[in-house]
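First comes the structure, then the notes that go with it.
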Amino acid sequence: KGAWEISDSKFKDGIDYLLKSIFRKREFRPGQLPIMHNALQCKSVIGLLPTGGGKSLTYQLSALLQPGICLVIDPIRSLMKDQVDGLNRNLIDSCVFINSTLRGEAKRKAMRQFAEGEVQFVFISPERLQMEEFRLLLDDMYENGHYFSYCVIDEAHCVSEWGHDFRTAYLRLGENAINFCKTKNLDSLPLFGLTATASYDVLADVQRELSGNDESKRLSEEAIVR
């Protein structure tokens, strides 16, 4: 998209203060603020930013400004640990990853923290959202008053069969997140789709996926930030 700016100076001053004081960054990179602008209005958004363009900061800062748990889908286990380590370096320790590298007490502790709403960021693989046991856990969390703010689908191009990184576990990922990760008072969970690159066909698949495979709710071009 073309030039984009925030007309509300108080919001801009506030968001700049948080960027500097929490993440120790001098200024936002191109595309970051427009992505957050959509997300903070509780709208789903697709962010196309280059590698190293600061995709992670967009959902991390947005989630810190919203009540609830932010579920992050990562396709690679090492990425989950990297994200948690990065948050820890910024003194944000209310985060866990849940994957097959965890064993015994470490896994039980992470699952308990998640189930009891003690963490704000939870990193999982796309396959976990397909597991019946995990879905039942999400149902229990809703019954116990633990709600979600966002679901972030990292490497969102993996949803597309047109792309070389296609993963079957990404199919219906948006729909599953919407159905099982409940908010407190929204009709639908806002989704982040983040990727470094996407062709026209891949982008169309990402739009469909983040609409929960419901054509009546298909994301508009306004939801795409390049």
Next on the checklist: So, in region 92-108, how many residues would count as being free of Cβ contacts under 8 Å to residues at least 40 places away in the same chain, under 28 Å from Arg24 (Cβ atoms) and out of contact with any helix residue (DSSP H, G or I) (no Cβ under 7 Å at 6 or more places or on another chain)?
Outcome noted: 2
Item to check | Options Arg128, Arg103, Arg77, Arg112; residue that is at pLDDT below 95 and under 24 Å from Gly145 (Cβ atoms) | outcome: Arg128
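For region 1-106, which fully contained helices (runs of 4 or more DSSP H) count at least 1 residues that are within 13 Å of Val225 (Cβ to Cβ)?
Because the criterion is at least 1 residues that are within 13 Å of Val225 (Cβ to Cβ), the helices (runs of 4 or more DSSP H) in region 1-106 that meet it are 32-39, 55-64.
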Next on the checklist: Given (1) open to solvent by 60 Å² or more (accessible area, probe 1.4 Å); (2) under 20 Å from Leu189 (Cβ atoms); (3) touching a residue at least 40 places away in the same chain (Cβ under 8 Å); (4) not hydroxyl-bearing (Ser, Thr, Tyr), identify the lone condition not met by His37.
Outcome noted: (3)
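The values are calculated or read from the model by the stated rules, or taken from the named source; none is laboratory data. Note that the structure is predicted; figures quoted are calculated from it, not measured. Backbone-built Cβ (ideal geometry, glycine too); neighbour counts: all protein chains shown. Areas reflect the complete protein model, heavy atoms only, side chains present, ligands, DNA and RNA absent. Shrake-Rupley method; radii C 1.70, N 1.55, O 1.52, S 1.80 Å.
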